[in-house]
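The values are calculated or read from the model by the stated rules, or taken from the named source; none is laboratory data. Remember, it's a predicted structure, so these values are computed and weren't measured experimentally. Here the Cβ positions follow ideal geometry from the backbone for every residue, glycine too, while neighbour counts run over all protein chains shown.
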Amino acid sequence: MNLKKWAALALTTVVAAACLSGCGNSVSTKVETVNKSDHPVALTLDANMTALHMTTIVPKISGKLVSAPLTKGQEVKAGETVVQIDTSPYQASVSQAEAELVAASSAATTYRTVTVPAAGGDGGGDNGGQRAQLNAYYKDGYFSRAEFNQLMSKNAPAAQTQTVQVPQTAPVDHEKIAQLQQAVQSAREMLSNGTIYSPIDGKVTSVSDNPSVAVAGNVLATIQQMTPLVATFAVPEMYVSALQAAKQSGTLQVSVIAPSGESETGELTYLATEKDASTGSYTAKITFNNTKNLFVPGEFYHVRVSTPQEVSQITVPKTAIRTKDSGDFVYIVNDSGLADARSVLTGDEEEGRIVILDGLQEGDKVVVDPPESLEIGMKVKS
């Protein structure tokens, strides 16, 4: 239930209760008929503060932090290491994957020792077969040039033999090696995820319930830039055209007000062209530099919007406004001449009168200064 509906319900309850005691009685008091008059725009409205840039720290691996956990309010710089996770389990995975790859690759080729007759010599016989075999081995790169020349030397005795390492190619499991290579790459990538850097200058605005432990895929912290900031607020429909015209003419002044009363000037960077169906107002945004560090994202503040552009507005005497827990209200006199209560949304004060942003319309009769004895349902004599 929104505030207006809640306030209306609260006032209806008051009406029902008060009527039991007020009905039948009368009171004499001053009444004013509501009408509109032109006034320069001067609005003070509630606004929600957000950062223009923010980032969430989401680890890709799980583990305990070996760095100090982030704390709310902590300031960080772009490129600064903000999280360092214990990577010893991931380093072990890299070492194991690399060892398995080396083992599989080494097993792909083996050698056997064979004894062959030396080619050439004066011992006679046809060594053409041996020469051809040795020549083939040499071309495949299994002998150095010096070794080949020695084996082929004509001075070697015919009966002399030589032992040589001959390759014995084992079947290669290319698919397995490819899988192991991928495993090594994945393990190294996991290892590299142990360090997280801040991509922006800013302040930590929230941390997880257990900031000392990283859980893959879960937000560990949120970092928001402190400047510039954006104040988002709702503009009543009657002021939209004036604000648009003032922005075009350069006469629009906007600022954001801190609880201390200090303010920062800004720029109206957004004004919706369609109203919010749920509130009947138009969303607007002010962007400003938080040069004094007076404002924090996620908090509510006031914004001040003003321009010499005049708008036809309803105002009532300040003395007519009453306040309860449900909000501001005024006493009106209904068509039967009886006192009733009307919830109102109030704006700024000007020369002892309060701007009514919502809740009243021209022709309504408002009690100017309700006496303490006034109750809902009483006959009002003006």
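Scanning for something outside any helix (DSSP H, G or I) and at pLDDT 90 or above, does the stretch 168-182 turn up at least one residue?
There is no residue in the stretch 168-182 that is outside any helix (DSSP H, G or I) and at pLDDT 90 or above.
Quick one: would you say Thr287 is among the β-branched types (Val, Ile, Thr), without any contact (Cβ under 8 Å) to a residue 24 or more places away in the chain and farther than 17 Å from Pro40 by Cβ?
Criteria not met by Thr287.
Given the options Leu70, Leu101, name the one that is modelled with pLDDT of 75 or more, surrounded by 13 or more Cβ atoms within 10 Å (Cβ to Cβ) and in a loop (DSSP other than H, G, I, E, B).
Leu70
Looking only at the stretch 360-373, how many residues end up being surrounded by fewer than 20 Cβ atoms within 10 Å (Cβ to Cβ) and either more than 25 Å from Pro236 (Cα to Cα) or not assigned by TED's automatic domain parsing to the domain that holds Val31 (or both)?
Summing the residues that are surrounded by fewer than 20 Cβ atoms within 10 Å (Cβ to Cβ) and either more than 25 Å from Pro236 (Cα to Cα) or not assigned by TED's automatic domain parsing to the domain that holds Val31 (or both) in the stretch 360-373 gives 4.
Let me confirm something: among Asp201, Asp209, which residue is touching a residue at least 60 places away in the same chain (Cβ under 8 Å) and not aliphatic (A, V, I, L, M)?
The match here is Asp201.
What strands (runs of 3 or more DSSP E) completely inside the stretch 310-359 contain at least 1 residues that are in the same structural domain as Pro370 (by TED's automatic domain parsing), more than 42 Å from the chain's Cα centre (by Cα) and touching a residue at least 60 places away in the same chain (Cβ under 8 Å)?
Qualifying strands (runs of 3 or more DSSP E): 327-333, 339-343.
Could you check the stretch 197-217 and list, in sequence order, the residues that are out of contact with any Leu (no Cβ under 8 Å at 6 or more places or on another chain), over 12 Å from Thr55 (Cα atoms) and surrounded by 14 or more Cβ atoms within 10 Å (Cβ to Cβ)?
Within the stretch 197-217, Val215 is the sole residue that qualifies.
So in the stretch 360-382, with the set limited to residues that are of a type in the set (A, V, I, L, M) and in a strand (DSSP E or B), which one is nearest to the chain's Cα centre (by Cα)?
My answer is Val366.
Being modelled with pLDDT under 95 and among the aliphatic types (A, V, I, L, M) is the requirement here; does Val311 meet it?
So Val311 passes the test.
Please go through the stretch 323-362 and pick out each residue that is farther than 22 Å from Gly377 by Cα, among the β-branched types (Val, Ile, Thr) and in contact with a helix residue (DSSP H, G or I) (Cβ under 7 Å, 6 or more places away or on another chain).
Ile354
Within the stretch 25-58, how many residues are within 19 Å of Gln224 (Cβ to Cβ) and of a type outside the set (S, T, N, Q)?
Number satisfying all stated conditions: 8.
Could you list, in sequence order, all residues of the stretch 80-98 that are out of contact with any strand residue (DSSP E or B) (no Cβ under 6 Å at 6 or more places or on another chain) and assigned to a loop (DSSP other than H, G, I, E, B)?
Glu80, Thr87, listed by residue number.
Looking at the stretch 49-67, which of its residues are surrounded by 14 or more Cβ atoms within 10 Å (Cβ to Cβ) and part of a strand (DSSP E or B)?
Met49, Thr50, Ala51, Met54, Thr55, Ile57, Gly63, Leu65
For residues in the stretch 250-266 being without any contact (Cβ under 8 Å) to a residue 40 or more places away in the chain and closer than 20 Å to Pro308 by Cβ, which is surrounded by the fewest Cβ atoms within 10 Å (Cβ to Cβ)?
Ranking the qualifying residues of the stretch 250-266, first place goes to Gly250.
In the stretch 201-216, what residues are assigned to a strand (DSSP E or B) and not polar (S, T, N, Q)?
If the condition is that a residue be assigned to a strand (DSSP E or B) and not polar (S, T, N, Q), then Gly202, Lys203, Val204, Val207, Val213, Ala214 are the ones that fit.
Being at pLDDT below 95, crowded, with 21+ Cβ neighbours inside 10 Å, farther than 23 Å from Met238 by Cβ and hydrophobic (A, V, I, L, M, F, W, C) narrows it down to one of Val333, Val380, so name that one.
Exactly one of Val333, Val380 is at pLDDT below 95, crowded, with 21+ Cβ neighbours inside 10 Å, farther than 23 Å from Met238 by Cβ and hydrophobic (A, V, I, L, M, F, W, C), namely Val380.
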